[in-house]
Amino acid sequence: MLWWQGWSNGSLQAIAQDRLQGVFTDMNCSDADKSELLASLLKLHGSAAIQLGAAPRKFMAAADVYAAVIQKKRGQLLQQQQFLKSGLDKLAEAAGTVDELSRQAEAQRSLLATKQEEADTAMTHIQSSMEAAADRRREVEQLRQQLGETEATMQVQRGEVEAQLAEVQPLIDAARAAVGGIKADNINEVRSLRMAPDVIRDVLEGVLLLMGQEDTSWAAMKAFLGKRSVKEDTINYDAHRILTTPGLRNKLDKLMASKGASFEKEVAYRASQACGPMAVWVVANKSYSEVLKQIAPLENQLSQLKQGLAESQDRLSQCQSELAQLDEQGSHTLFWAALRRAV
């Protein structure tokens, strides 16, 4: 009968609280929420009891049904929540993957840009090297052609110079040989003279003039003959000095014009066996200098050609060295450019 008779609100509330304790715990309800829910159940039961005559057991059944519905809904919500959480985890994982792929793609783009810049630089360097190498090759060919022409011109000029010198070269060679044959006794004989004859003085004056000695006194002449290298200095004399020493040719011409007889071979040899060869030597060098004066323009041209030839040869060597370096640099650049593209 207790299940059919009315219970006090306190009893119903205690029973409902016991029946719904699991719901309260699972849903973590506050005291206010519990009180509000129990009050709603009591109000619903009170209304059903008045209108439908609902007994207390119906109240308990209603509490059980409410608890079952709540648990079912809670389970569905938890399942949906887990499903959504799993979806969100997948989305987060996908977002992380997309971010990583984006970073990798950006790194690849940066690497590609770097490699492209290196390749462009390498190609620019290769192009510059190839252009420089082509310029050097053209210059080398031009220099070779120029050298060939210069050498041909030099051969012609040298032939003309040698042909004109050949006419007087035997004279100068014979004079040098004669000087080389002078004996020391012949020189000492001249040095022992207190006053030398005019022929000896004239010849020695000519010798001293050619040697560039201004003092032509008899004492200076004897001092010159007393030098140990007198014959060597005379033999090795360069007739170009007659043309390059200011005023020397005029002095020699003046001496030869006024004292020409003293330089005749027979006259000079009769005066002294030492001065005879020296007279021949003075005359030979004067004649040789006259030929040198005539061929001076040719010699100047020949000298310029020689200088130009030497400069062209130096430049040719430099160009060939630069060309070899450019070819080597070009090969290395091509190799490293290909290696970078492969990497």
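The values are calculated or read from the model by the stated rules, or taken from the named source; none is laboratory data. Fair warning: this is a prediction, and the values are worked out from it, not measured in the lab. Quick reminder, even Gly has a Cβ in these numbers, built from the backbone with ideal geometry, and neighbours come from all protein chains shown. Accessible surface is based on the protein model in full, side chains and every heavy atom, while ligands, DNA and RNA are left aside. Shrake-Rupley method; radii C 1.70, N 1.55, O 1.52, S 1.80 Å.
Table for the structure above
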{"quantity": "Cross-link partners of K34 among lysines (Cα-Cα below 17 Å; sequence separation of 8 or more within a chain)", "calculated": "K43"}
{"quantity": "Residue among G180, G10, V283 farthest towards the positive dipole end of the chain, charges placed on Cβ", "calculated": "G10"}
{"quantity": "Per residue solvent-accessible surface (Å²) - the chain, probe of 1.4 Å", "calculated": "63"}
{"quantity": "Set K251/K306; K183/K259; K254/K293; K183/K293; K227/K265; K222/K259 screened for pairs whose C-alpha atoms are more than 22 Å apart", "calculated": "K251/K306; K183/K259; K183/K293; K227/K265"}
{"quantity": "Rounded percent of accessible protein surface that carbon and sulfur make up, the chain, 1.4 Å probe", "calculated": "54"}
{"quantity": "Stretchable slack from A223 to R137, in nm (0.36 nm times residue separation minus alpha-carbon distance)", "calculated": "24.7 nm"}
{"quantity": "The range 191-266, dipole about Cα centre (Lys/Arg Cβ +1, Asp/Glu Cβ -1), debye to the nearest 20", "calculated": "200"}
{"quantity": "Selected from A113, T153, C29, residue furthest toward positive end of dipole (the chain; charges at beta carbon)", "calculated": "C29"}
{"quantity": "Distance (nanometres) between label positions extended 7 Å along Cα→Cβ at S192 and A92", "calculated": "13.3"}
{"quantity": "Förster-model FRET efficiency, 41 Å R0, S258 and A163, C-beta, rounded to 0.05", "calculated": "0.75"}
{"quantity": "Per-pair calculated FRET efficiency, R0 = 41 Å: Q318 and D120 via Cβ, rounded to 0.05", "calculated": "0.85"}
{"quantity": "Point-to-point label distance, A310-D18, nm (Cα→Cβ direction, 7 Å offset)", "calculated": "13.1"}
{"quantity": "T124 accessible area, assembled protein chains, probe 1.4 Å, Å²", "calculated": "80"}
{"quantity": "Spin-label pair A68/A174, simplified geometry with 7 Å Cα→Cβ offset, distance in nm", "calculated": "15.8"}
{"quantity": "Accessible surface ranking that places the most exposed of Y237, Y269 first, with a 1.4 angstrom probe", "calculated": "Y269, Y237"}
{"quantity": "Normalised contact order of the range 192-293, rounded percent, pairs of Cα under 8 Å and 6 or more residues apart", "calculated": "37"}
{"quantity": "Rg and Dmax of the chain, Cα atoms only, in Å", "calculated": "64.1, 190"}
{"quantity": "The chain, dipole about Cα centre (Lys/Arg Cβ +1, Asp/Glu Cβ -1), debye to the nearest 20", "calculated": "1020"}
{"quantity": "Net lengthening on full extension, L147/K293 (0.36 nm per residue, minus Cα-Cα)", "calculated": "49.7 nm"}
{"quantity": "Shape call, the range 168-248: gyration tensor on alpha carbons, a/c limit 1.5", "calculated": "oblate"}
{"quantity": "Furthest towards positive pole of dipole, L204, I242, Q325, structure part the chain, Cβ charges", "calculated": "Q325"}
{"quantity": "Inverse of mean 1/r across different Cα pairs in the range 177-328, Kirkwood, Å", "calculated": "17.8"}
{"quantity": "Helix-derived mean residue ellipticity, 222 nm - over the chain, DSSP H n ≥ 4, -39500 (n - 2.57), to 500", "calculated": "-30000 deg cm²/dmol"}
{"quantity": "Directionally averaged projected area (convex hull, Cα atoms, the range 86-130), nm²", "calculated": "2.6"}
{"quantity": "Estimated FRET transfer efficiency when R0 is 22 angstrom, pair Q76-D33 (beta carbons, to 0.05)", "calculated": "0.60"}
